[in-house]
1. Ignoring GluC sites (Glu not before Pro) that are buried or in helix or strand per DSSP, and keeping those with at most 13 other beta carbon atoms within 10 Å, what is the longest stretch of the chain between them?
2. Using only the alpha carbons of the chain, determine the length spanned along each of the three principal axes and report them from longest to shortest in whole angstroms.
3. Quick one: which residues, 5 or more positions from Leu89 or on another chain, have an amide H under 5 Å from its amide H? H modelled 1.01 Å from N in the peptide plane, none for Pro or chain starts.
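Where a number appears in this text, it was derived from the coordinates with a stated rule and is not lab data. Everything numeric here is computed off the predicted structure, so don't read it as measured data. Positions of Cβ are generated from backbone atoms using ideal geometry, with glycine treated the same way; all protein chains shown enter the neighbour counts.
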Amino acid sequence: MDFRERLRDEIAFSGLSNKEVAAKAGITIRSLVSYVSSQACIPSAEVAVRLAKVLNTSVEYLVTGENSKISWENSNEESRKLLYVYKNLPEAQRKLLLAVAEDISKCLGH
């Protein structure tokens, strides 16, 4: 996996559109598309820092794939998938899923 693929994955994981990520990072949509497309342009360090901040990850992760995401340092792929699914549910289903998870946790004594 390279920078382009990790950036694309992090955008998908964030639940934000390319347009939203570009706006929050202060870049044009065209620039963002050039970073995630087959052109595979690499942004300047300043832009990479802004993208990482918007996506709640680190520049090191985007560039090397090492040093896990800031907010998910000890997470595994299942945790990331669960959060992605949760973030993409309508509000009513989020509440239901959270209630079920809390009930399971109580049954397990956590």
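1. Result, exposed sites excluded: 1-65.
2. Ordered largest first, the chain gives principal extents of 50, 28, 21 Å.
3. Long-range HN contacts for Leu89: none found.
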